[in-house]
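In what follows, a structure is listed as structure tokens, so that the remarks can point back to it.
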Amino acid sequence: MKIKGKIVTIVLTALLAILFFSSTYTLKENEFGLIKEFGKVVTTKSEAGLYFKKPFIQSVMKLPKEEQLYDLASSDVITSDKKSMIADCYVIWQIEDPLKYYQTLKSTSNAESRIDVLVYNSMKNVISSTKQDEVIQGKDGTLSIKIMENLSGKNSADQYGISVNSVEMKLLDLPSDNKDAVYSRMISERNKIAAQYTAEGESQAQQIRNDVDYQVRVILSDAQKDAKSIIAEGEAEYMKIIQAAYNSPERKDFYQFLRGLDATKASLTEGTMVIIDDEYKIIDNLKLSEKAPTASVAPTEDAGE
């Protein structure tokens, strides 16, 4: 009896344990929970914790909440100017509506297959409407932004309960057979643009120099005109002062005497002597007066005055 009692106790304990574990489940912070009954989803859970369900009747399907990465295969695309390019990108996506996700896709492989089609079509539409050089310039992130903007409406992933958070380009390059030709053409175009900017800059610089030269000529002309006017006024004032200084016969005779001395001094050369007696008073017309016969100029061996 004791052995049978122990066996019954063990069996009941096992049954209770099985019943408990089949009627409970736990969700982590990074999980969604789909409660299915006979294969049909009856409820969804998005909060972490311990939950109960009908044992043996309901089952739990767990889906990831966190962002997931899908790497698309590299593919050939054609630009608007009919140039071939190789594009390789990856996608960051996430489940937003677990019920819609399960009803339309059911699995990660189906989700990635649908993302592959959506992103490739969006990328093809964007690149096919863009010139090759603009596509190459879009490596800085501009092209990824345009692809994301194109993922809307019919191309939106919302209809599958998922969201495409980011499309990043890993590789965007030219086929090896025409890469050198394209780069040479781009370099030639950039050189042409640089030459145009240089010519425009030189034209503007020449115009600035012409304007400055004209202003300098105007300033110099005005300065010369002002200088002549000032000189004329100074000379007129000088004549007035001279006229006022020698306005009497005595001052006039003294002025003529000083001029005569200056002229005599200027005419002296080395070895010449000038002798003037005390009666010599006036030098007329910057020469020795004929009325002063006692004044003479004679050469001498010793230089002096």
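Take residue 211: with every protein chain present and a 1.4 Å probe, its accessible area is about 80 Å².
On the beta carbon distance between residue 239 and residue 213, with R0 = 41 Å, the FRET formula returns roughly 0.60.
Taking a ≥ b ≥ c as the square roots of the Cα gyration tensor eigenvalues, the range 33-178 comes out prolate, since a/c reaches at least 1.5 and a/b is larger than b/c. Loop-located trypsin sites (Lys or Arg not before Pro) in the range 117-173 (DSSP state other than H, G, I, E, B) with a sparse environment of at most 10 neighbouring Cβ atoms within 10 Å are absent. Within the full protein context, the accessible area of residue 90 is estimated at about 70 Å² for a probe radius of 1.4 Å. Using the Cβ-Cβ distance between residue 60 and residue 145 with R0 = 41 Å, the FRET efficiency computed as 1/(1 + (r/R0)^6) comes to roughly 0.55.
Using only protein heavy atoms and a 1.4 Å probe, report how much of residue 46 is accessible, in Å² to the nearest 10. Ignoring ligands and nucleic acids, residue 46 comes out at about 50 Å². Modelled label positions at residue 190 and residue 168, each set 7 Å beyond Cα in the direction of Cβ, lie 2.6 nm from each other. The residues of the range 1-125 expose, per residue, 62 Å² of accessible area to a 1.4 Å probe. Of the cross-linked pairs 4/54; 65/170; 45/106; 139/192; 28/65, those separated by over 21 Å at the C-alpha level are 4/54; 65/170; 139/192. For the set 130, 9, solvent exposure ranked by accessible area (probe 1.4 Å, protein chains only) runs largest to smallest as 9, 130.
Largest accessible area first, the residues 254, 38, 52, 32 order themselves as 38, 52, 254, 32 under a 1.4 Å probe with ligands, DNA and RNA left out. In percent, rounded to a whole number, the relative contact order of the range 14-110 is 23, using alpha-carbon pairs under 8 Å and six or more apart.
The values are calculated or read from the model by the stated rules, or taken from the named source; none is laboratory data. Please read these numbers as outputs of a predicted model, since none were measured by experiment. With ideal geometry, Cβ positions are generated from the backbone for all residues, glycine too; neighbour counts draw on all protein chains shown. Only protein heavy atoms, including side chains, enter the accessible area calculation; ligands, DNA and RNA are left aside. Shrake-Rupley method; radii C 1.70, N 1.55, O 1.52, S 1.80 Å.
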